[in-house]
1. What distance in nm separates the two pseudo spin-label positions at residue 64 and residue 77, each 7 Å out from Cα along the beta-carbon direction?
2. At 7 Å along Cα-to-Cβ for each site, give me the label-to-label distance between residue 49 and residue 37 in nm.
3. I'd like to know which of 72, 30, 62 lies farthest towards the positive end of the charge dipole of the chain, counting +1 on Cβ of Lys and Arg and -1 on Cβ of Asp and Glu.
4. Please compute the per residue accessible area over the chain with all protein chains in place, 1.4 Å probe, rounded to a whole number of Å².
5. I want to make sure I understand the PRE zone here: with the label point 7 angstrom from the Cα of residue 86 toward its beta carbon, which residues in the range 12-36 have backbone N atoms less than 20 Å away?
6. Tell me, what % of the accessible area of the chain is carbon and sulfur with a 1.4 angstrom probe?
7. Of the lysine pairs in the chain, how many meet both conditions: Cα atoms under 17 Å apart, and a spacing of 8 or more in sequence or different chains?
8. Hey, what did the chain get for relative contact order, percent, Cα under 8 Å, at least 6 apart?
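The values are calculated or read from the model by the stated rules, or taken from the named source; none is laboratory data. In this text, all values refer to a predicted model and were calculated from it rather than measured experimentally. Here the Cβ positions follow ideal geometry from the backbone for every residue, glycine too, while neighbour counts run over all protein chains shown. The accessibility values were calculated without ligands, DNA or RNA, using every heavy atom of the protein model including side chains. Shrake-Rupley method; radii C 1.70, N 1.55, O 1.52, S 1.80 Å.
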Amino acid sequence: MNATEKMFETAIMEATRIIQKEYGYYAGRFVRMVANKGAVAAAKYLIRKPGVSEGFTVLCEHKCLRLSVEAYVIKPEYQDLFTDEERKICE
């Protein structure tokens, strides 16, 4: 895992902790996926999966999409981890 991937994983896992603390939603499946595949692979799976995830729906309901995987994927500091197509899907 390179430094950017590690930074992404740290940020995304901190977001899951905030979501659980502030909104009472535990993204257990996503956390397990990150543990098994890494955060970048988990994010790629989630953004290519048809439909909207339960976590995204919870964040949308709370008007807090800034903590979504999609929001992290499009951050400039992570642009090298994702393709243009993946970032476009997230936008």
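1. For the pair residue 64/residue 77, the computed spacing is 2.0 nm.
2. So the two model labels end up 0.8 nm from each other.
3. Going by the charge dipole, the pick is 30.
4. Per-residue value: 63 Å².
5. What the label zone holds, given the 20 Å backbone N cut-off, is 12-16, 29-36.
6. 52 percent
7. 9
8. Reported as a whole number, the value is 30 percent.
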